[in-house]
Structures are given as C-alpha cells and as structure tokens.
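Just so it is clear, none of the values below were taken in a lab; they were calculated from the coordinates. What you are looking at is a predicted structure, and each value in this text was computed from that prediction instead of being measured. Heads up, the Cβs are rebuilt from the backbone with ideal geometry, glycines too, and the neighbour counts pull from every protein chain shown.
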Amino acid sequence: MTRRQKTFSPIDGSLYIERDYANAHQIQVALGKAQKAQILWQDTSLDERKTLCQKAVETFVANKDQIAEELCWQMGRPIRYAAGEVNSFEGRANHMISIAGAALAQIEVTDKPGFIRYIRREPVGVVLVIAPWNFPLHTPINVIIPAILAGNSVILKHSPQTPLCAERIHEAFRTAGLPDGLFQFLHMTNETTEAMIKSAPINFVAFTGSVPVGVKIEKTAAGRFIGVGLELGGKDPCYVRADADLDHAVENTVDGAFFNSGQSCCAIERLYIHQDCYDAYLQKFIVLVNKYQLGRPDDPDTTLGPLVNASAAAFVRDQIKDALAQGAIPQINVKDFPADQEGSPYMAPQVLTNVNHTMRLMTEESFGPVVGIMKVASDEEAVKLMNDSAYGLTASIFTKDINRATLLGQQIETGTFFVNRCDFLDPELAWTGIKHSGRGCSLSILGFEAVTRPKSFHIKTIL
C-alpha cells in the first residue's frame with residue numbers, strides 16, 4: 001500500500017490536502033533527469049537562464065490570490081497578510097536575478113606576462129532544497145533562483161504542512177519553459193529524504209528548519225564532501241536603550257515578536273529594556289499587543305492566526321506555565337482573547353515580565369506568540385544577556401545613537417545586526433547565522449557561493 005502524506009489545516013483541523021509519497025523508483029528517475037538536465041543547462045547562457053527565471057516569477061505572482069488562500073489554509077497565516085509572502089518571493093527572486101551577472105562573473109587576477117589566469121564560478125551540480133512551512137515561499141526561493149542561475153538543477157522537498165507551495169513553484173517554472181528535469185519537486189518521507197542526501201547525484205543540500213533535524217542532515221551528509229547550508233533556530237534578542245524613540249521601538253518590536261504568530265526563526269523572543277524607559281515602554285507594548293484580533297485566518301479581520309498545530313501551541317503554553325511557576329508575571333489577560341482555547345492551535349499572545357535566564361522561555365526557542373521582557377541597567381548588561389544564548393541569527397538595538405549602537409553590534413554574537421528595526425530580510429545582505437542558528441549563507445552576492453565552486457584556469461602561452 002502506498003503511504004500518503006496528509007496535511008491538516010490549523011484553521012479547523014480538517015484534512016486539507018493529501019498526496020502520495022514518492023517511491024524509490026520515482027526518486028531515482030528524478031535524480032537521473034536532474035543530472036541529465038543540469039549537464040545541458042550549464043552550457044546555456046546566463047541571459048537565457050535569467051529570462052526563464054524572470055518568466056517563472058511573473059507566472060507565479062500572477063496567481064497571487066490563489067496562492068495566498070492556499071497558504072492561509074495550509075499553515076494558518078491570516079489572509080490579510082498571506083499575499084505579502086508572494087510579494088517578498090517576487091522581490092527576492094528579482095534581486096537575485098539582477099545581481100547574477102556580478103555574482104557569477106569570472107574573477108580576474110593580476111596580469112602576468114606569458115600567462116592567462118582567471119577563476120570561473122562553476123555549478124556544483126544537483127541541489128536539494130528542503131523547505132520549511134513557516135515561510136514556505138520566500139525561504140526556498142532564496143536558494144532556488146541562485147542555484148538555477150548558476151547552472152545547477154534543483155530538487156525541492158517541501159514541508160508536508162505546505163505541499164502546495166512546492167507544486168505552485170514548480171508549475172511556474174514549468175510554464176515558463178524551463179527544461180524538463182531541471183527543477184523538480186518530490187513529496188518524500190524523512191527516510192527517503194535521508195537516502196537522497198546520501199545518493200551520489202546530490203551535490204549540495206540547503207535546509208531550513210529545526211536544530212535537531214539540521215544536526216541529522218549534517219551527519220547524513222558527512223563523508224560525502226558536499227556543501228550543506230543550514231538555516232536553523234533562533235532566540236533573537238532586542239535591546240531598547242534609554243534614548244530610543246519608544247513609539248517606533250514598540251511598533252517594530254511588537255510586530256517582530258508576534259507576526260506570523262511568532263513562528264519565525266528571526267522573531268523577537270527576548271527583550272531587554274533599559275531601566276530608564278522600562279515602565280513607559282512596557283505600558284505602550286501591552287496596549288499594542290492587546291489590539292491583536294485572534295481568530296480564524298480566513299477572516300479578513302484576523303491579525304493573529306493559529307499556530308501550525310495544537311502540539312506547537314502546547315509547547316509554548318508549557319514554556320509559559322514553567323515561567324509562571326518560577327515567578328514570571330503575565331501582562332496579558334488571555335480571557336480578552338475569546339478564541340484562545342487550551343488544547344487547540346489558537347493561542348492568545350502573551351508578554352511575561354520578571355523573567356530571567358534560568359527559565360526555558362528565555363533560553364529555548366519558543367516559535368510562538370510569547371515574549372519575555374527584562375529590565376537592564378546598562379549597555380554592558382544588555383550585551384551580556386543578548387550573547388547568553390545557544391543561538392545567533394539576528395539581534396537588534398533601538399537607539400538614536402547610531403555610533404554607539406554600531407560599537408555594541410560588533411560585540412553581539414549574531415549573523416545579522418539591526419539598528420532601529422528587526423525581523424527583516426534584506427536580499428542585498430547575506431542571510432546567515434552562527435552557533436546553533438546554523439551555517440552557510442543565502443541572499444546577496446555571497447549567496448551564489450554555496451551553489452558554485454571555484455575553478456582556476458592557469459594557462460601558459462606558447463609563442
């Protein structure tokens with residue numbers, strides 16, 4: 001009997017989509033097609049690759065409304081925000097297309113009489129992209145577009161929570177006229193995905209997801225001498241200095257903590273507020289959080305949807321209960337959010353004060369609508385607490401003193417450092433993390449390096 005992949009919607013728990021898992025034969029066929037297509041594709045011009053990628057992006061965006069509705073039902077993002085990820089998909093893809101020429105350009109070295117010397121960037125071969133459910137459109141495109149532009153073929157394995165995203169992306173590339181086999185998707189089990197990583201045709205693996213799965217992927221690929229890009233978890237901190245514009249800081253940090261119900265690797269999960277502005281900041285923060293409308297994400301009035309499933313919500317609720325047992329103080333009355341139901345994915349936002357780093361809430365990734373807020377007395381204390389984490393994806397400081405913030409940023413252990421903003425990906429900058437937030441890089445010119453390899457040409461001329 002064929003095993004089936006089932007996707008249950010967080011909206012109402014219904015079975016939303018069901019697909020067959022790829023069997024061993026289908027996987028081998030896909031790998032063979034990917035290898036064959038890549039050999040031909042690497043000899044096409046960059047202009048042709050860019051044209052086809054641009055057509056694929058345009059085709060994808062033309063179906064924005066349908067994709068947004070499917071996204072809402074698959075992972076619970078409020079419909080009023082769902083189309084925004086289609087826009088960011090377009091923006092990131094177009095930027096990577098625009099910089100491909102510079103990113104893939106031949107590297108020239110100094111002139112040397114009697115020699116011709118240069119370095120080419122060549123494709124690695126077949127790229128496996130393993131995509132997450134929380135941002136299922138713009139996360140995989142960060143790698144797919146550079147990989148194809150660089151001359152690789154791509155196989156996409158999407159989260160079982162968002163299978164239609166893989167199908168819609170593939171459909172757009174197929175409609176654009178990409179050669180058969182160059183971009184494929186497969187619905188696979190964990191076991192078949194692991195087997196694919198071990199298979200000879202795969203030359204690079206890009207994974208976005210949890211730390212435990214990232215560790216497993218790294219171990220699976222060990223000994224194959226292939227590249228592995230890992231964008232993993234986060235426990236991202238923010239420090240609000242005494243001189244910060246509080247209205248601006250509150251607006252940005254509330255959104256940074258609770259957008260997508262906090263289900264973002266770069267969500268603000270820890271806040272450190274200088275004692276001189278703590279009370280004023282906290283009051284404004286609570287007022288804004290209480291304005292969220294928790295409810296069904298297909299309701300256009302909803303601004304806070306459910307978590308992806310009931311077990312994810314239970315994990316966050318347990319963190320909160322543990323913190324309360326240790327003395328944390330809740331600042332939000334969950335009864336003000338009637339849609340909140342214990343045992344369901346619908347969960348009210350929560351703000352906890354009187355917290356410290358002995359609590360799971362302040363050290364363990366939450367991935368939900370909760371944030372802990374601590375009072376600090378100095379910049380030095382804030383930096384020390386910000387660095388007291390196993391993670392290092394993003395960190396932010398709100399202040400009017402840009403020079404001071406920049407100096408503090410040099411001390412903070414993070415992949416991206418923000419001043420007066422948070423929870424944002426700029427495609428012109430490298431997206432990377434340190435410590436348990438992973439390794440590797442996507443976006444920017446540097447993002448092309450993972451899907452290419454340098455090849456040196458050292459030619460002695462004979463006259």
Chain lengthening between I459 and Q5 when straightened (0.36 nm per residue, less Cα-Cα) = 158.1 nm
Helix-only [θ] at 222 nm, the chain, -39500 (n - 2.57) per DSSP H run of 4+, per residue, nearest 500, equals -12000 deg cm²/dmol
Cα gyration tensor category, rounded, prolate or oblate, for segment 47-111 with a/c compared to 1.5 = prolate
What are the semi-axes of the equivalent ellipsoid of the chain, taken as the square roots of 5 times the eigenvalues of the Cα gyration tensor, listed largest first and rounded to whole Å?
-> 40, 28, 19
Hydrodynamic radius (Kirkwood) for segment 236-426, which is based on Cα pairs only, to one decimal in Å | 16.5
If one compares the long axis through the Cα atoms of helix 310-325 with the longest principal axis of the Cα atoms of the chain, the angle in degrees, nearest 10, works out at 40
Environment charge at N420 (Cβ cut-off 9 Å; Lys +1, Arg +1, Asp -1, Glu -1) = +1
Using the alpha-carbon centroid of each, what span in Å lies between segment 379-439 and segment 308-356?
-> 26
Under 1.5 on a/c is rounded, so check that first for segment 1-135, then, if it is not, pick prolate when a/b is larger than b/c and oblate when it is not; a ≥ b ≥ c are the square roots of the alpha carbon gyration tensor eigenvalues.
-> oblate
Difference of contour (0.36 nm per residue) and Cα-Cα distance, I329 to K291 | 11.7 nm
Nonlocal amide H pairs with N354, under 5 Å, H built at 1.01 Å | I329
In the structure shown, of K6/K235; K235/K321; K291/K400, the pairs separated by more than 24 angstrom at the C-alpha atoms are K6/K235; K291/K400
Relative to the longest principal axis of the C-alpha atoms of the chain, give the angle of the C-alpha long axis of helix 64-75, reported between 0 and 90° and rounded to the nearest 10°.
-> 60
Percent relative contact order for the chain, counting Cα pairs under 8 Å at least six residues apart, stands at 19
For R49, R3, R120, order by how many other beta-carbon atoms lie within 10 Å, fewest first = R3, R120, R49
Residue order, fewest to most beta carbons within 10 Å, for T192, T253, T406 | T406, T192, T253
Counting other Cβ atoms within 10 Å, keep those with at most 16, restrict to DSSP loop, and tell me which chymotrypsin sites (Phe, Trp or Tyr not before Pro) in segment 417-463 are left.
-> F424
Estimated distance in nm for a label pair at R19 and A105, the labels positioned 7 Å out from Cα along Cα-to-Cβ = 3.9
Along the Cα-to-C-beta direction of K400, a point sits 7 Å from the Cα; which residues of segment 418-432 have their amide N less than 16 Å from that point?
-> 420
Ranked from fewest to most other Cβ atoms within 10 Å of their own Cβ, S456, S159 fall in the order S456, S159
Sorted by average packing, counted as other Cβ atoms within 10 angstrom per residue and highest first, what order do 386-395, 262-271 take?
-> 262-271, 386-395
The FRET efficiency for I445 and Q411, from their Cβ-Cβ distance with R0 = 25 Å and rounded to 0.05, is 0.40
Helix 246-258 versus the longest principal axis of the chain: what is the Cα-based angle in degrees, 0 to 90, to the nearest 10?
-> 60
Bridge orientation stat for the chain from DSSP, antiparallel percent rounded to 5, came to 40
Where labels lie 7 Å past Cα in the beta-carbon direction, separation of K219 and S98 in nm = 4.4
